[in-house]
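Every number in this text was worked out from the coordinates using simple rules, so none of it is lab data. Predicted, not measured: the structure shown is a model, and the values here were computed from it. Every residue, glycine as well, gets a Cβ built from its backbone with ideal geometry; the counts of neighbours run over all protein chains shown.
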Amino acid sequence: MGALNLTLRVWRQPGPDAPGRLVEYKAEHISPDMSFLEMLDVVNEGLIRKGEEPISFDSDCREGICGTCGCMVNGVAHGPDAGTTVCQLHMRRFRNGDTITIEPWRAAAFPVVKDLVVDRSALDRIVRAGGYISMNVGAAPDANAIPVPKLVADTAFDAAACIQCGACVAACKNASAALFTSAKIAHLNALPQGQAEQHRRAVRMVEQMDIEGFGACSNEGECEAVCPKEIRITNIATMNRAYLKAQLVAR
Amino acid sequence: MSSRPTFFSSTVGSKILIGLTGLMLFGFLIGHLAGNLSLLVGAEAFNAYAHKLESLGPLLYLVEAGLVGVFLLHVVKTLANYRRNAAARPAGYREKKWAGHTSRKTWSSTTMALTGLFILFFVVTHIRTFKFGAWYVDPATGHRDLYRLVAEIYQNPLYVAFYVVAMGLIGMHLNHGISSATQSLGLSNQRTGRTLVLGGRILAVLIAVGFAALPLYMYFAHQVAQ
């Protein structure tokens, strides 16, 4: 497979309040073995050489575990592959001559900072509202002091795999953060350590999700399909159950 | 940003109410279809069934008022979420595709608001046509001859076509609605999730086909009889 010559249509926006637009760039002599972000690095080096402002985008680990990167690639969050972040997307997925549209996550709760960078601190505030357990500090407890059945541990771990990238919000037609919030609630509510605060957690995290201005869940599962960690939407059923139960018992 | 929500104003509480009222309306449809199948037995059986319902008196009014309440709550909560969802993404994408893979997104799920709006229009028309339609009296029993009204109305092929299309749209609404309601109510889990989606589809088809069969039967049966 030879080098790729591509046309990019990239969302450029100088600042939060500045108007943005799609700008066309040529990405030439791109190796098919590059990752999508490496391709953007190459384009940026070209822009810097020409004295232009490089395209801003978030990235950190570049191996799909940190949750920092993320953008819409041809209308799909993190691009066409299942279970991957955009840093794990390889250029061999594209054909010579392709046009690729690259846009930031879109949500009222995710304001654009610059170009493809959005402010996802709304998700941090949802975690702060109840995505934790309270315990006394001191010596670390013995690893197996609290027995956790294998099935429970697996369920909790599957939900805990969430890396908070925000793709679920970006893919949802309602910009709902239900998958993210439910993964946190399902993770902690499944474990013995999370029991004491289970009701308060469910109510506060749902409340914070609404306060941040995310939409409601329409149960379409677009979030699950784009999630790099393949978090299941059954977690949303778990969240709704926990929220209803918490509303029924006295707080 | 909005203020701290209560159960009724929260997105999750709203979806629980929408799901609950939706399942209630689905339950009503099953009962409605079961009763209407007496059309296949004949005029006597259908009129006897209709009279039995009428003779419930105040109890019937209570059930009807309950149904209207459930229907309105379903619509009002949906409208509230619809407004909220539109505000959650003020600037849209220039390019957006369906994600595929495990997604449950279908034409049914994307058109819920439209099919819902149509159902609202249909229900009003439907009640005006039959409940408040011509009041024929069966000389044999002295009760309402509802069968005659049904048979007359379904002599018009346009009306039959309208009903069949309407049942198709209701089927689409249920195709997403039934399994979506179980998900909203927290009744699905990792083991049952996919089965509920499939079960919802099958039930939606059964309801739509069952209801659509009645006007078609009335039309063709009477064509043959003439």
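Taking the radius of gyration and the Kirkwood hydrodynamic radius from Cα positions alone, what is the Rg/Rh ratio for segment B:35-103, to two decimal places?
My calculation puts Rg/Rh at 1.33.
To the nearest whole percent, what portion of all C-alpha pairs in segment B:98-184 is separated by more than 21 angstrom?
Roughly 49 percent, once rounded to a whole number.
What is the Cα coordinate range of segment B:67-226 on the first, second and third principal axes, sorted by size from largest, in whole angstrom?
Projected onto the principal axes, the Cα atoms of segment B:67-226 cover 62, 33, 30 Å.
Diagonalise the Cα gyration tensor of segment A:12-60 and give the resulting equivalent ellipsoid semi-axes, square root of 5 times each eigenvalue, largest first, whole Å.
In descending order, the three semi-axes are 21, 13, 10 Å.
Output the direction-averaged projected area (hull surface divided by four) of the convex hull of the alpha-carbon atoms of segment A:166-251, in nm².
5.4 nm²
From the phi of every residue in segment B:132-145, what ³J(HN,Hα) in whole Hz does the Karplus formula 6.51 cos²θ - 1.76 cosθ + 1.60 yield, where θ is phi - 60° and glycine or proline is x?
With the stated coefficients, segment B:132-145 comes to 9, x, 3, 9, 7, 10, 7, x, 5, 10, x, 8, 5, 9 Hz.
If you average the C-alpha positions of segment A:183-214 and of segment B:190-226 separately, how far apart do those two centres end up, in angstrom?
When both Cα centres are located, 40 Å separates them.
Between A:ARG92 and A:ASP154, what is the spin-label point distance in nm, taking each point 7 Å from the Cα along the Cα→C-beta axis?
3.2 nm
What angle do you read, to the nearest 10 degrees and between 0 and 90, between the alpha-carbon axis of helix B:11-36 and the longest principal axis of chain B?
Result, in degrees: 20.
Apply the Karplus parameterisation 6.51 cos²θ - 1.76 cosθ + 1.60, with θ equal to phi minus 60°, to every residue of segment A:104-120 and state each ³J(HN,Hα) to the nearest whole Hz, in sequence, with x for glycine and proline.
x, 4, 10, 6, 4, 7, 10, x, 5, 8, 6, 6, 9, 8, 10, 8, 9
Other chains near B:102-110: what is the mean number of their Cβ atoms within 10 Å of each residue's Cβ?
For this peptide, the per-residue mean of nearby foreign Cβ atoms is 5.
If R₀ is 22 angstrom, what is the calculated FRET efficiency for the pair A:VAL127 and A:VAL249, using the beta carbon separation as r and rounding to 0.05?
Plugging the Cβ-Cβ distance into 1/(1 + (r/R0)^6) gives 0.40.
What is the order of A:HIS199, B:HIS101, fewest Cβ neighbours within 10 Å to most?
Ranking A:HIS199, B:HIS101 by Cβ neighbours within 10 Å, fewest first, gives B:HIS101, A:HIS199.
Give me A:THR7, A:THR85 sorted ascending by neighbouring Cβ count inside 10 Å, so fewest comes first.
Arranged by neighbour count, lowest to highest, A:THR7, A:THR85 become A:THR7, A:THR85.
What pairs from A:LYS173/B:LYS105; B:LYS52/B:LYS131; A:LYS26/A:LYS50; A:LYS229/B:LYS15; B:LYS77/B:LYS105 go past 18 Å between their alpha carbons?
In this structure, A:LYS229/B:LYS15; B:LYS77/B:LYS105 lie more than 18 Å apart at Cα.
Apply 1/(1 + (r/R0)^6) to the Cβ-Cβ distance of B:LEU114 and A:MET135, taking R0 = 45 Å, and write down the FRET efficiency to the nearest 0.05.
0.35
Please report B:THR21, B:THR195 as a ranked list, fewest other C-beta atoms within 10 angstrom at the top and most at the bottom.
In order of increasing Cβ crowding within 10 Å: B:THR195, B:THR21.
Once amide H atoms are built 1.01 Å from N in the peptide plane, which residues 5 or more positions from A:GLY215, or in another chain, come under 5 Å H to H?
Excluding prolines and chain starts, which carry no amide H, the hits are A:SER176, A:ALA177.
Give me P(r) over chain A, computed from all C-alpha to C-alpha distances, binned every 5 Å, as integer percentages.
In whole percents, the pair-distance histogram is 1, 6, 12, 16, 17, 14, 11, 8, 6, 4, 3, 1, 0, 0.
Using only the alpha-carbon atoms of the protein assembly as shown as identical scatterers, what base-10 log of I(q)/I(0) does the Debye formula give at q = 0.06, 0.09, 0.13 Å⁻¹?
Debye intensities relative to I(0), on a log10 scale: -0.37, -0.72, -1.15.
Give a residue-ordered list of calculated ³J(HN,Hα) values for segment A:79-90 (Karplus: 6.51 cos²θ - 1.76 cosθ + 1.60, θ = phi - 60°; whole Hz; x for Gly, Pro).
Result, ordered by residue: x, x, 7, 7, x, 9, 8, 5, 6, 8, 7, 9 Hz.
Mind jotting down the distance between the C-alpha centroids of segment A:124-138 and segment A:19-42, whole Å?
Using only Cα atoms, the two centres lie 39 Å from each other.
Counting only other chains, and only Cβ atoms inside 10 Å, what mean value do you get across the residues of B:73-86?
Average neighbour count from other chains, rounded to a whole number: 2.
Amide H to amide H under 5 Å from A:GLY221: which residues, 5+ apart in sequence or cross-chain, H placed 1.01 Å off N in plane?
Answer set, sorted by chain and number: B:ARG104.
Using a 10 Å cut-off around each Cβ of peptide A:102-115, what is the average number of partner chain Cβ atoms that fall inside?
For peptide A:102-115, the averaged partner shielding equals 3.
Report, for the protein assembly as shown, the % of DSSP beta bridges that are antiparallel, rounded to 5.
75 percent
Residues with amide H under 5 Å of A:ILE100's amide H, sequence separation 5 or more or different chain, H placed in the peptide plane at 1.01 Å from N; which?
A:THR7, A:LEU8, A:ARG9
Run through the DSSP bridge list for segment A:4-103 and note the antiparallel percent, rounded to the nearest 5.
Counting only bridges with both partners in segment A:4-103, antiparallel ones make up about 75 percent.
Antiparallel as a % of all DSSP beta bridges within chain A, to the nearest 5?
75 percent
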